[in-house]
1. In this structure, does Glu103 turn out to be in contact with a strand residue (DSSP E or B) (Cβ under 8 Å, 6 or more places away or on another chain), acidic (Asp, Glu) and open to solvent by 50 Å² or more (accessible area, probe 1.4 Å)?
2. Keeping to the stretch 120-168, report how many residues are within 14 Å of the chain's Cα centre (by Cα) and aliphatic (A, V, I, L, M).
3. Suppose we filter the stretch 200-216 for residues that are open to solvent by less than 50 Å² (accessible area, probe 1.4 Å) and part of a loop (DSSP other than H, G, I, E, B); how many remain?
4. How many residues are open to solvent by less than 60 Å² (accessible area, probe 1.4 Å) and either more than 20 Å from Ser54 (Cβ to Cβ) or of a type in the set (A, V, I, L, M) (or both) when one looks only at the stretch 1-16?
5. Just name the residue that is farthest from the chain's Cα centre (by Cα) out of those in the stretch 6-21 that are part of a strand (DSSP E or B) and closer than 19 Å to Leu102 by Cβ.
6. Looking only at residues that are without any contact (Cβ under 8 Å) to a residue 40 or more places away in the chain and either open to solvent by 70 Å² or more (accessible area, probe 1.4 Å) or in a loop (DSSP other than H, G, I, E, B) (or both) in the stretch 48-61, which one is farthest from Phe18 (Cα to Cα)?
Amino acid sequence: MSFVTAQTPRLLVGDYHFSPVLADVTFGAETEMLDPTTINDAAKVALPGLQTGSVSGSGWLDTDGAQNAHLDQLNDWISTDPATWAPSGTTLGAEVLLANMLESTFMVGSKVGSVVEWSFSGQQDGPTDLGKSLHALTAETATAAGTGVDNGAATANGGVAHLHVTAYSGFTNIIVLVEDSVDNAAWTTLVTFSTVTGLTSQRSTVAAGATVKRYLRASWTKTGTGSCTFQVGFARR
């Protein structure tokens, strides 16, 4: 067996990487179970209903330069933001959970003998999708394409892609794509994210019924000179 240490997971919400200031986090999904049991049944019957999910966490207040941006992110989180939970990190091919989240609570507090801390929770808007990381949260300085991730077979019900840009400097812009392939050699564009000119996050849905080929990868094209730190995930449906 190969267990995962608590230092490995990563949480991205919007354009912010929360892991460096997190002390704990829980990211979950659930399906409501309806009860259509009748008097003729010998046991209770369960019928799957609506899906829902949530994220919650707490951490330590860090006022050192840009790290204080975690409070800005939490304070400004007033609409849905893409949230990506990577329980074993964002390395290529690692499993990721993708959801559109609304912040439901945000608190900052302190107590004797402890570091000032904050906590938050978010409510899912739509489903939680299990997918794969197509680009680790790392910096890129040149136009390139990532390595293909093999699903073993094509799927035929679309999917959802997340892009989180957590650091950006210098470039005029950068365009990030998700591409698919039947043979890991010839690639076609599946998702084109909006042109990146700064810190941002994006969620893009591939329509239900659309074919997603066996292999997936991220690619990016830069204009100008600079650096962009980003993560890309895709979940098939």
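The values are calculated or read from the model by the stated rules, or taken from the named source; none is laboratory data. Just so we're clear, the structure is a prediction, and the values are computed from it rather than from any experiment. Here the Cβ is made from the backbone with ideal geometry for all residues, glycine too, and neighbour counts use every protein chain on show. Accessible surface areas use protein heavy atoms only, side chains included; no ligands, DNA or RNA. Shrake-Rupley method; radii C 1.70, N 1.55, O 1.52, S 1.80 Å.
1. no
2. Of the residues in that region, 8 qualify.
3. Count: 1.
4. Going through the stretch 1-16 one residue at a time, the tally reaches 5.
5. That would be Tyr16.
6. Checking each candidate, the answer is Pro48.
Residue by residue, here is whether (1) among the charged types (D, E, K, R); (2) open to solvent by less than 50 Å² (accessible area, probe 1.4 Å); (3) part of a strand (DSSP E or B) holds:
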position	(1), (2), (3)
Thr147	no, no, no
Asn157	no, no, no
Leu163	no, yes, yes
Val178	no, yes, yes
Asp183	yes, no, no
Ala186	no, no, no
Leu190	no, yes, yes
Gly198	no, yes, no
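So that you can scan it fast, the table gives a plain yes or no per residue for (1) out of contact with any Phe, Trp or Tyr (no Cβ under 7 Å at 6 or more places or on another chain); (2) farther than 28 Å from Leu199 by Cα:
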residue: Thr5; (1), (2): yes, yes
residue: Thr8; (1), (2): yes, no
residue: His17; (1), (2): yes, no
residue: Val21; (1), (2): no, no
residue: Phe27; (1), (2): no, no
residue: Met33; (1), (2): yes, yes
residue: Val55; (1), (2): no, no
residue: Gln73; (1), (2): no, no
residue: Thr90; (1), (2): yes, no
